[in-house]
Amino acid sequence: MKKNSFIFNTNRCVGCNACVAGCSIENGTDFRINWREVNTGNKIKHPGLPVFHFSLACNHCEDAPCMKNCPALAYTRDEKTGAIIHHAEACIGCTYCTWACPYDAPKFNPTTKIVEKCNFCVDRISDGKRPACVESCPVGALDFGLLDLKEEDRVIPGFVDMGIKPSIQLIPLREENTAPKVENTDQIEIDEKKIEEWLPKSKDKVALDKEWTLVLFTIAVAGLVAWQAAHLMGAIDMQLIPFAIVSVLAIGLTSLHIGKKMRMWRFILNLKGSWLSREIFSFSGFLGLTGLQLLTSYEMFGYVALAFGIFALISVDMVYKLLQRKDHLVLHSGMVLLTGILLFACMAEISILIEIIILLKGIIYVWRKRALKNQDIAYFPILSLLRIICLLIPYILLDLKLELILPVSLAIVFIGEIIDRAEFYYESDVITPEKELRNI
């Protein structure tokens, strides 16, 4: 079926950024926010590698991950043009769509505290005109048309095709453009490590300095659910005031990560498609039902709350499935579900379960560190040793059966889990065109 699509010819683009300027002028965007960007392959102009450019904006995908994953339902599709439209008045500024999009289309505006992106110049194309970026291109590298796209239209080095059917046709470099035309017989061998060092550092969308509130929030969720489970077993007391204080702190932590705090209620609008919506809904249900249990002493509320809590832990881990791990492994020792089980085992003092989880976490942790080391990625050996110690000491203390061992053990476990969770964010990344071009 034919649909409105961009057409980009890598042979013609000279990287002049006229398309970026045309988009900015047409839409009146903030000078710091470009809805369209030109990324360059071989940005340092190494003579032994081809130099080419990618001009990309929102590709208005058929299975748009921004729209699918947005918890606030801030995206809709214009059925007439196929454009994916972002609605500023519905956006909560959680930036989850910026993680979901492999083309770096949604941009967070720090001034307005919400996301914005290319709208396909929907008004122009509805009137039969071409988008402003296309009209601005002086060399005909960027075009627009009604196309019946095929998979092979998007097979090109540096472009991610994740099966979401982006509305773009890419014309790859001709063979004669994939290497320098003038042969250099004295050319030295290309050193990939040196090239990586010379390249300017790419922007990280997931960084620990920006995500520390999520580190603490996810650990708090695991701790609260574990506390409820141990309480239902009769292993530990739970009182309303301490539980309420920790709950309010957890809610406060997650609110720091969103731009529009007064719109937080919109978090739960996309239960059908967004794991982030499911996470917030299930955690809210857990808090509410646990509060009822503590107020009424009706235990059934507690068991239903625990079911919500377990689903919240699963949802937290599923939220991060969008990210690309630097170690390329499936499991991570800092997964919130594993943390919740370990904290529960410690609170309930179930030795066999503590042994199993510590062994599992330890194996995954060491395996992950080896994978990072083999790829020459920083793996922080001293911090890693501290994290291993935090896994071993609680079990040793449990065997001693001394008074006040549980609070000390839990404090050590929490320190270890915070280290592991912080490393999870450090070792995770978002797919972007800029980073894909570096990997060619």
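For segment 1-127, state what percent of all Cα-Cα pairs lands in each successive 10 Å bin, counting from 0 Å until the bin that includes the largest distance.
P(r) for segment 1-127, in whole percents per bin: 12, 40, 34, 12, 2.
Percentage of Cα-Cα pair distances in the chain greater than 30 Å, rounded to whole percent?
The share of Cα pairs beyond 30 Å in the chain comes to 52 percent.
Placing +1 at every Lys and Arg Cβ and -1 at every Asp and Glu Cβ, with all other atoms neutral, what dipole size does the chain have around its Cα centre, in debye to the nearest 20?
680 debye
Taking 35 Å as R0, compute the FRET efficiency from the Cβ-Cβ separation of GLU79 and THR40 and round it to 0.05.
Calculated transfer efficiency: 0.45.
Would you list TYR303, TYR379 from the most to the least accessible area, probe 1.4 Å?
From most exposed to least exposed: TYR303, TYR379.
Using Cα pairs closer than 8 Å and at least 6 residues apart in sequence, work out the relative contact order for the chain, in percent.
Rounded, it is 20 percent for the chain.
Calculate the spin-label point distance for MET1 paired with GLU299, positioning each point 7 Å from the Cα along the beta-carbon direction, and give it in nanometres.
5.5 nm
Set Lys and Arg Cβ to +1 and Asp and Glu Cβ to -1, take the dipole of the chain about its Cα centre, and tell me which of ILE85, LEU224, GLY28 lies farthest positive.
Positive-end residue among those listed: GLY28.
Assuming R0 = 25 Å, can you tell me the calculated FRET efficiency for the pair LYS261 and GLU62, based on Cβ-Cβ distance, to the nearest 0.05?
0.15
What distance in nm lies between label points placed 7 Å from Cα along the C-beta direction at LEU146 and HIS328?
My value for the distance between the label points is 4.4 nm.
Give the peptides 260-270, 211-221 in descending order of average Cβ contacts within 10 Å, highest first.
211-221, 260-270
Report, to the nearest whole %, how much of the accessible area of the chain belongs to carbon and sulfur atoms, 1.4 Å probe, protein only.
In the chain, the share of accessible area belonging to carbon and sulfur is 63 percent.
Can you work out the FRET efficiency for the pair LEU292 and GLN375, with r the C-beta to C-beta distance and R0 = 51 Å, to the nearest 0.05?
Computed FRET efficiency for LEU292 and GLN375 comes out at 0.55.
In percent, how large is the relative contact order of segment 1-108, given Cα pairs closer than 8 Å and 6 or more residues apart?
23 percent
As I understand it, the dipole of segment 121-177 uses +1 on the Cβ of Lys and Arg and -1 on the Cβ of Asp and Glu, about the Cα centre. Which of VAL160, LEU149, CYS133 lies farthest toward its positive end?
Ranked along the dipole, the leading option is CYS133.
Which far-off residues, 5 or more places away or on another chain, put their amide H under 5 Å from the one on ASP327, with H placed in the peptide plane?
Here the answer is none, since no amide H 5 or more places off falls under 5 Å of that of ASP327.
My understanding is that a pair violates if its Cα-Cα distance is over 21 Å; which of LYS2/LYS107; LYS117/LYS321; LYS117/LYS165 do that in this structure?
Beyond 21 Å between Cα atoms: LYS2/LYS107; LYS117/LYS321.
For segment 9-111, run through the GluC sites (Glu not before Pro) and keep only the ones in DSSP coil with at most 16 other Cβ atoms within 10 Å of their Cβ.
Answer by residue number: GLU62, GLU79.
Where only protein heavy atoms count, and the probe is 1.4 Å, what is the accessible area per residue for the chain in Å²?
49 Å²
The values are calculated or read from the model by the stated rules, or taken from the named source; none is laboratory data. This structure is a prediction, so every number in the text was calculated from the model and none was measured. When we count neighbours, we look across all protein chains shown, and the Cβ atoms used for this are built from the backbone with ideal geometry, even at glycine. Surface accessibility is based on the protein's heavy atoms, side chains included, excluding ligands, DNA and RNA. Shrake-Rupley method; radii C 1.70, N 1.55, O 1.52, S 1.80 Å.
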